[in-house]
């Protein structure tokens, strides 16, 4: 009987640890803000905080269209950068 209680307590501890892990992982509020940035010979759309690009385009205007589409769907912002890297404009879709 003591062995049964011991294994139940271990299962309970593991269950609580797993639940705590998943609760804490949901707390990270990553944003879906889309940045239109210069990229090689053209322009790219990149999600804020990502190293990889979402899409690449020859013209800034097509990159902006793509970023707007994603931002509208995710209720996020579009941050448009200049060729020099500075921020030109910010559009909010919240």
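Where a number appears in this text, it was derived from the coordinates with a stated rule and is not lab data. Because the structure is predicted, anything quoted here is derived from the model rather than measured. Here the Cβ positions follow ideal geometry from the backbone for every residue, glycine too, while neighbour counts run over all protein chains shown.
General observations
- Against the chain, whose longest principal axis comes from its Cα atoms, helix 2-26 is set at around 10 degrees.
- Using 0.36 nm per residue and subtracting the Cα-Cα separation, the extra length available between residue 39 and residue 19 on full extension is 3.0 nm.
- Spin-label model, residue 54/residue 91: points 7 Å from Cα along the beta carbon direction are separated by 1.2 nm.
- Square roots of 5 times each gyration tensor eigenvalue, C-alpha, the chain, largest first, Å: 47, 13, 10
- Volume of the Cα convex hull of the stretch 33-80, divided per residue and given in Å³: 56
- Under the simplified labelling scheme, the residue 8-residue 73 pair shows an inter-label distance of 4.9 nm, with each label point 7 Å from Cα along Cα→Cβ.
- From most to least packed by mean Cβ count within 10 Å, the peptides 83-92, 46-55 give 46-55, 83-92.
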